[in-house]
Every structure is written in C-alpha cells, then in structure tokens.
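The values are calculated or read from the model by the stated rules, or taken from the named source; none is laboratory data. All values derive from a computational prediction rather than experimental measurement. Heads up, the Cβs are rebuilt from the backbone with ideal geometry, glycines too, and the neighbour counts pull from every protein chain shown. Note: accessible area is taken over every heavy atom of the protein model, side chains too, but ligands, DNA and RNA are not part of it. Shrake-Rupley method; radii C 1.70, N 1.55, O 1.52, S 1.80 Å.
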Amino acid sequence: MTNTLANSMTNFFLRFFFILISTSAIAQTGVIKGFIYDNDNGEAIIFANIRLLNTKIGASSDVNGFYFLDKVPEGQYTLEISYLGYATVKKSVSVIKGKTIKVDVRIAKASQQIQEVVVSAEKQEAKTEVRMSVVKLSPREITQLPSMGSEPDLAQALQVLPGVVFTGDQGGQLYIRGGSPIQNKVLLDGMTIYQPFHSIGFFSVFETDVISNADVYTGGFNAQYGGRISSIMDIGIRDGNKEGIDGKVSFSTFGASAVIEGPLKKRTEDSPSSLTFLAYGKTSYLDKTSKLLYTYANEDGLPFLYNDLYGKMTFSGANGSKISVFGFNFNDAVKFKGVSNYRWDQWGLGSKIVVVPENFPALITLRSSFSNYKIGLENGDNYDRFSQINGFDFGLNIHYFFGENELDYGVELLGGKTNFTFANSVGQKIEQVENTTELAAYFKPKFILSNFVIEPGLRVHYYSSLNNISLEPRLGVKYNMLEYLRFKVAGGYYSQNLIAATSDRDVVNLFYGFLSGPETLPSEFDGEEVTHKLQKARHLVFGSEIDITKNLNVNIEGYYKWFDQLTNINRKKIYENNDANKDEPELLKADFIIETGAAYGVDMVTNYKFKNLTLWLVYSLGFVNRYDGQITYRTHFDRRHNVNLMATYLFGKTKTWELGLRWNYGSAFPFTPIKGYYEKLVLNDNIDPSPESANGQPDAIYGDINSFELSDYHRFDISLKKTLDFKKAGEMILSFTITNVYNRKNIFYVDGFENEKIYQLPILPSIGLSYKF
C-alpha cells in the first residue's frame, strides 16, 4: 500500500513538473540578477527583499545574497531593495527582451528603519514561500533573547522555538516534535555536525556573531534534505569582512570567546576578486569561576569544560562565484555525580564552491567534507561506553530559475565508518564496526500559480550497507486566501540509517553514541514480516498564518509524525546470542529490537512588533509514544505542554539599553520508578561463588517504563544590556543576566539508590563584556 502510494505521488510530481517548466520556457522577456551586499563589510545580505516598483515582480536574496528576477517585460523600472536595519535603496534599471542584466547592490545600515517597508518585505516573502515548519534565525534575533551566562547562543534560541523540548540545563538534549537527537540532522555549511551542543545546555559549538543563517525545519521538510526522519537544522557561516579587519572579544563569568575576520586581498577596480578569512574560538572556565561565585550550586564547582575552534577562508570572484574552505575542532568534558569521566571530540574539514554562470539562470553549488567524532564514558562500573564515527560527504546542487518559479536538483554521496561499544543495564555488551555508503538524488521545484505556492519534491536514497533503496516523495503547498490569511500543508516520506544507543536506565543521559543500522534485526515485528532494515517515518503538517494587524501575526501548525519503523538497543537482553542460548526467547538475546511510534500536536507562535518593543508567545501541545511489540509507553521527553513568553525592549535617549525577559513553563516529564531492590551476584570467569556466602551488589527492580512523572518545570530569566558606541574606535556591550530569577527547584532526576532528588541549576547571576572593533 505504501509503495503504491509513493509511486503514484512520484508519477504525479514528474508529470506536473514537466508540463509547467515547458510552459514557462516560451516566455520572451528579460532578466535582472545580482547580489546584495553589506556596504560596510561586503558580506552577503540574506533574505533581503527585492522588488520592481509598480509591478508584482519580486524576490528574496538567498543564503549567498543572490537574487533573480525572470520574465520581466521590456522597459524602464525602479528596483527597490529593503532589509531590516538597513536603509532602503532604489535603482533605475532598463530591461531589454532576451537580455540579462546584472545589478549588484550595496546597502548601508540605518539608524532608523521605516517599519512599513520591512513589514511589506516580510509579507511579500510570506506569500511566495511555503515556509512550513521552518524558523529562520539570524544573529540579530538570537541576541534579542535573554542570554544565560551573558552570552547569546543558538542553543538558547532553539529552546524557545515551537515544538522543541529541552530536557535540562545540565547534559540536556533537544527533542524536536517527537524526534530524538539522532533523528535531527545538524548541518554546518553543508557538513554534518554530530554533536552541536555542549553538556551545559546554554551553549552550542557555534559562535553567534559569525552565523549568516540558521534555518530550523521541525517537520515536513522537502527533498533537498534527507538521511533523518524528524528535523533539519541548516546553519551557514559568513565569509568574512571584505573591507577591513574586524573582530570581537567577549568575557563573562561562564567563559570567553574571540572572533577575528578580514581581507587577505581586497577587491579593486583592476582586480575585482577578493580573499577573506574568518576565525573564532570559545572556551569555558566555569569549573573555576563556579568555585568562587556559585558555591551554593555545587560546593565542588560546576564541572563543565569545552573548547571550540573554527576557521574559514573564502575566495570571491568578480561575478559572485566563490570558493570556501573551512575546518573546526570542538570538544567537551564533564564530571557529574556518578560519572567518572565523560568527553567528546570532533573535528572536520570542508569546502564549498558556488558558481554563478554568466548566461545560465542558475546557481551551482558543490561541497565536500570529512569529519570525525568520538565520545567516551567511563562509569566506574565496568560498563564503559565508546563510540566513533568518521566519514566523507560530497554534494552537487543546482538552483534553477524560470520566471517566478524555481527548481532545486542535485546528488549526494556520503560514507563512513562507525565503531561502537555499549553495555546495557545488565552488563550485556553490544559491539559493532561498520562501513557505510549512501547515494541520493533529488529534485524540488517551486511553482507560483495565482494564489497557490506549490513545492513538490522527490528524493531517491540508496543505502548500500543495507542494500535498500528508499523512494521519498515530498509536497508543500500554500494557499494565499486573503491578504492577511494563508493556509499551508506539507508532508512526505523520510528514512535514515544511523541509530543512537542510550541506556533508558541512565539517570544522566550523557552518552550519545552512533552506529549504523544493523543487519541482524528480528525477522518479524508484531506478527508481521520485517521487509527492510531502515528507520522510516511519514510527516503531515498543516497550518495557517494570520496577520491580525501589520504588527501582530499568528502562526498555528498541527502535525503528525508516524514513525513506521525504529531501531532501538534491546534493554531486555540478558543472554548472548549464540548456540548455547538458541532456545531462549529472541527478545532476551537480540542486540536490537524494532519499535514503532507517533508524535503529534499543535504549535502556536504569536509575534508582536511595535517600535522598540517585541513580544513573543510560543505554545506547544505535544504527545510522543513508542510501541515495542508488547507495550505502548511514553518517551522520557514526552512533555504535554510547553510555554515560552518573551519580551525585548529598547530604551534610553539613544536606544542603547535593551531589556530582555523570558519565562518558560513545561509540564512534567515521565520517568521509570523503582519498585524495589535485590542483591545481584557478580559472577566472573575465574571464581564461581556460592550463593549462600557471596556478597552481591544492590540493584533495582524497575516498574513500568515512564509510568510516573516528575514535577512541572518553570524558570524566569532576565537580561539587561548597555551598548557604548565609540564610533571608529569600536563598540562595547555590557550585559547582566539572571538565570532562574526566583530560584525554582526544578528536578533534574531522582537518584533511586540514594533516595535523593537532584535539581537543575539554581539562580545564576552573571556579567559579561564584549568589545567589537
């Protein structure tokens, strides 16, 4: 049934695409294309609004700052470029039939932005993009939020997005609309980042000031993305200042960071190419400052350590084509109670080439990368864990323009090696060393037909290690019913090979290992034959956008994710899978089990902007469950209600003071209770102790999985910033932040053996200073 439906959708998409592209090809008009740059540093301006006045022709610049206006009738026009925080620019252009003219525009920052122009630009984009289940974050939006540790960070911004559940301040993970971290793909300039967040949940491996774009797809993403079954996080890094040396240094009670960028070769009239560099470093010294400032939180200090290094060089040609090479090294270490040693390291090298053909209406992007990630956890209980994954990734994408319509198509080749050792709660080891290769091809057109925006897509993904081909049709549609009311729907089929191994019994879930989808899965699940070894899911997302006023808008989305097949570590394994145990039930000796599941709910975002005040209300209602063939249970990240209230306000004579407020409420997480205890005998190969005389170790008898609940979570944060502008000498920002203002005792976990409640972080005031030059 599923294959028949997928094939039918695929045939429909192909026929629909070729009919429309052939229709658009007969147009006899002109083309305007070019790049939008920041006048101060030459960086690309992303999502700027470009339109021809007194027409319906317009576009937004992409992640390269590139725009393309096709099917423009011959004549004289005024080209208008607007972007939030920049002065609007107007240029006269002359279009000749059959000709392409290139108009690059530099726009300068403005002290005051005409709000009507910005609102108009946002409304225009809302009408021409499906924008289903995607949030596009910029550094400006990230810095508007209250920043824990006085350092704005992507990790903190993600926690307030609709559908995102964060499980804790210490060692917490992000779960996006029912998807676990392994089901959420994080890309850095096209390279997969296996661990984007540090153990202290306030910070990511990314430096906010160098981010060009951060697009978060919480579901229903189209065919250009694959290899994950829940969500995508696509992050881009700027190329570096083309005009002069620029930088920033920051210090806070939590850590320090530094950014440096500039031209190695400036663009000139005689030589219009340029070569730039950008680098940043971040480090934490909270383990030392906490012993002086936060002894009430932990008398031994807060044991969080991390170091991040990143570097990038970019060669930009005269016509906008460019070549970038980059590399990084991120690491993290921590010691919690009951955890003797935990550390992860990752490094990578990558390149990205963007080609702008002179007489071809397209952008061509080629990328390549190699990365390595390893993580180790020593428990001191002989159940040490280790995981390593390294691999390569090559990709080619062509973004083609035809009229108002567009087409993305491309191929991807990726492969790698996983090395994994894990022991479950009864000491049974699972080990795997596996090489994998994947090959994918996709296409995703976008058509604007009257009041409709239609984005069909198709991805074909081949997993060689499992000898499996996954055919994945996708579809996104928006209907602009009224000027202020839009409806949208998206969905598709998704697959992935990688699985994660975590112990459901861990009180602190730090270890997140990776391994390839195993070949030794059970042959049946719930009485039906298992026909493939992939993890698969289907998404359906529907919603509406309502512009109540020009300053107030509401976005509401409902979603349902069917997790048709999941692979999980068998937490019930007690026997080795060998001939000696051939008569034992498969459930008690298999390394892996199959599960199914579902995630569904409703997300609402209300946004109000007026002059110097911005307000957000984010509410999520969610349900997440799994079925292991015997019981249906709640996941440990199944949070029924999640609320975020946020506000930012600029004040003072020159608007250089900024106040930020955030209140977060989350209903209780479930947990597995302990019903009782018993004495567990420890047997080894050399000694066969007598049960009557041997001394055992205490162990727990667990109740039904996730059948009890912790208490509700809520926290109030406040931040205050003061900007000192020294004109040509630079800019200084002083910040003061209080995290958990009213010192709420939010439960982290319950230690059943010690009968003790372990709490999240208490009230944490912090101060910070940053200087931009």
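When you scan segment 188-241, how many residues do you find that are in a loop (DSSP other than H, G, I, E, B) and of a type outside the set (A, V, I, L, M)?
Let us first name the residues in segment 188-241 that are in a loop (DSSP other than H, G, I, E, B), namely 189-190, 193-196, 198-199, 201-203, 205-207, 218-230, 238-241.
Now restrict to residues that are of a type outside the set (A, V, I, L, M): 189-190, 194-196, 198-199, 201-203, 206-207, 218-222, 224-228, 230, 238-241.
Of the residues in that region, 27 qualify.
Can you say whether Ser133 is open to solvent by 20 Å² or more (accessible area, probe 1.4 Å) and either in contact with a Phe, Trp or Tyr (Cβ under 7 Å, 6 or more places away or on another chain) or among the small types (Gly, Ala, Ser) (or both), as far as the supplied structure shows? Can you show your working first?
Values: open to solvent by 20 Å² or more (accessible area, probe 1.4 Å): no; either in contact with a Phe, Trp or Tyr (Cβ under 7 Å, 6 or more places away or on another chain) or among the small types (Gly, Ala, Ser) (or both): yes.
No, not satisfied.
Residues being within 28 Å of the chain's Cα centre (by Cα) and in a loop (DSSP other than H, G, I, E, B): count how many of those fall in segment 742-762. Explain how you work it out, then say what you get.
Filtering segment 742-762 down to residues within 28 Å of the chain's Cα centre (by Cα) leaves 746-749, 759-762.
Retained after the next criterion (residues that are in a loop (DSSP other than H, G, I, E, B)): 746, 760-762.
Total meeting the criteria: 4.
Residue by residue, here is whether (1) touching a Gly at 6+ places or on another chain (Cβ under 9 Å); (2) of a type outside the set (Val, Ile, Thr); (3) within 30 Å of Gly492 (Cα to Cα) holds:
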position	(1), (2), (3)
Val554	no, no, yes
Phe563	yes, yes, yes
Tyr575	no, yes, no
Pro585	no, yes, no
Asp591	no, yes, no
Tyr600	yes, yes, yes
Val605	no, no, yes
Tyr608	no, yes, no
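Select the strands (runs of 3 or more DSSP E) contained entirely in segment 283-356, then report the ones holding at least 3 residues which are at positive phi and at pLDDT below 85.
Output list is empty.
Determine which member of the set Ser180, Ser133, Ser147, Ser231 is of a type in the set (S, T, N, Q), touching a Ser or Thr at 6+ places or on another chain (Cβ under 8 Å), over 30 Å from Lys488 (Cβ atoms) and in contact (Cβ under 8 Å) with a residue 40 or more places away in the chain. Full working, then the answer.
Working: Ser180 fails: over 30 Å from Lys488 (Cβ atoms); Ser133 fails: over 30 Å from Lys488 (Cβ atoms); Ser231 fails: over 30 Å from Lys488 (Cβ atoms).
Residue meeting the stated conditions: Ser147.
Out of all the residues in segment 640-671, which are basic (Lys, Arg) and modelled with pLDDT under 95?
Scanning segment 640-671 gives Lys653, Lys655, Arg662.
For segment 136-158, how many residues meet the condition of being crowded, with 23+ Cβ neighbours inside 10 Å and either more than 24 Å from Thr614 (Cβ to Cβ) or among the polar types (S, T, N, Q) (or both)?
Within segment 136-158, residues that are crowded, with 23+ Cβ neighbours inside 10 Å and either more than 24 Å from Thr614 (Cβ to Cβ) or among the polar types (S, T, N, Q) (or both) number 3.
For segment 694-717: of the residues being among the aromatic types (Phe, Trp, Tyr) and open to solvent by 50 Å² or more (accessible area, probe 1.4 Å), which is nearest to Thr632 (Cα to Cα)?
Out of the qualifying residues, it is Phe708.
Can you tell me which condition Asp246 does not meet? The list is (1) under 17 Å from the mean Cα position of the chain (by Cα); (2) open to solvent by 20 Å² or more (accessible area, probe 1.4 Å), and all the others hold.
(1)
Considering only residues of segment 44-58 that are touching a residue at least 60 places away in the same chain (Cβ under 8 Å) and in a strand (DSSP E or B), which is most open to solvent (accessible area, probe 1.4 Å)?
Arg51
Among Leu720, Leu683, Leu724, which is open to solvent by 40 Å² or more (accessible area, probe 1.4 Å) and at pLDDT below 80?
On the way: Leu720 fails: at pLDDT below 80; Leu724 fails: at pLDDT below 80.
Within the list Leu720, Leu683, Leu724, the selection yields Leu683.
Quick one: is Asp270 out of contact with any Gly (no Cβ under 8 Å at 6 or more places or on another chain) and at pLDDT below 95?
yes
Mind listing just one residue for me: the one in segment 24-36 that is touching a strand residue (DSSP E or B) at 6+ places or on another chain (Cβ under 6 Å) and open to solvent by 30 Å² or more (accessible area, probe 1.4 Å) and, of those, nearest to Asp104 (Cα to Cα)?
Ranking the qualifying residues of segment 24-36, first place goes to Thr29.
Specify the residue that is most open to solvent (accessible area, probe 1.4 Å); the eligible residues are those in segment 562-584 that are touching a residue at least 60 places away in the same chain (Cβ under 8 Å) and of a type in the set (A, V, I, L, M).
Among those residues, the one meeting the criterion is Ile574.
Yes/no matrix, rows are residues, columns are (1) in a strand (DSSP E or B); (2) of a type in the set (S, T, N, Q); (3) farther than 30 Å from Asp345 by Cα; (4) at pLDDT 95 or above:
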| position | (1), (2), (3), (4) |
| --- | --- |
| Phe447 | yes, no, yes, no |
| Tyr462 | yes, no, no, yes |
| Ser465 | no, yes, no, no |
| Ser470 | yes, yes, yes, yes |
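Provide a single number: the residues in segment 409-434 that are acidic (Asp, Glu) and modelled with pLDDT under 95.
Selection size over segment 409-434: 2.
For Ile182, work out the one condition from (1) assigned to a helix (DSSP H, G or I); (2) at pLDDT 85 or above; (3) under 29 Å from Leu764 (Cα atoms) it doesn't fulfil.
With (1) assigned to a helix (DSSP H, G or I); (2) at pLDDT 85 or above; (3) under 29 Å from Leu764 (Cα atoms) applied to Ile182, the lone miss is (3).
Only residues in segment 253-275 that are under 19 Å from Asp239 (Cα atoms) and among the acidic types (Asp, Glu) count as the first member; pair them with residues that are assigned to a strand (DSSP E or B) and open to solvent by less than 40 Å² (accessible area, probe 1.4 Å), Cβ under 9 angstrom, at least 6 apart or cross-chain, and list the lot.
These pairs meet every condition: Glu261/Gly247; Glu261/Thr276; Glu261/Leu278; Glu261/Ala279; Glu261/Tyr280; Glu261/Lys312.
In a strand (DSSP E or B) and open to solvent by 60 Å² or more (accessible area, probe 1.4 Å): is that true of Lys374 in this structure?
The answer is yes for Lys374.
Look at Thr635 and say whether it is at pLDDT 90 or above and either of a type outside the set (Val, Ile, Thr) or over 22 Å from Gly168 (Cα atoms) (or both).
Here the answer is no, as Thr635 does not meet what is asked.
What residue, of Leu621, Leu587, Leu617, is open to solvent by 30 Å² or more (accessible area, probe 1.4 Å) and in contact with a Leu (Cβ under 7 Å, 6 or more places away or on another chain)?
After applying the criteria, what remains is Leu617.
Output the number of residues of segment 68-111 satisfying the condition of being part of a strand (DSSP E or B) and either open to solvent by 60 Å² or more (accessible area, probe 1.4 Å) or at positive phi (or both).
Result for segment 68-111: 10.
Take Gly629 and decide whether it is on the phi > 0 side of the Ramachandran plot and more than 21 Å from the chain's Cα centre (by Cα).
It is true that Gly629 is on the phi > 0 side of the Ramachandran plot and more than 21 Å from the chain's Cα centre (by Cα).
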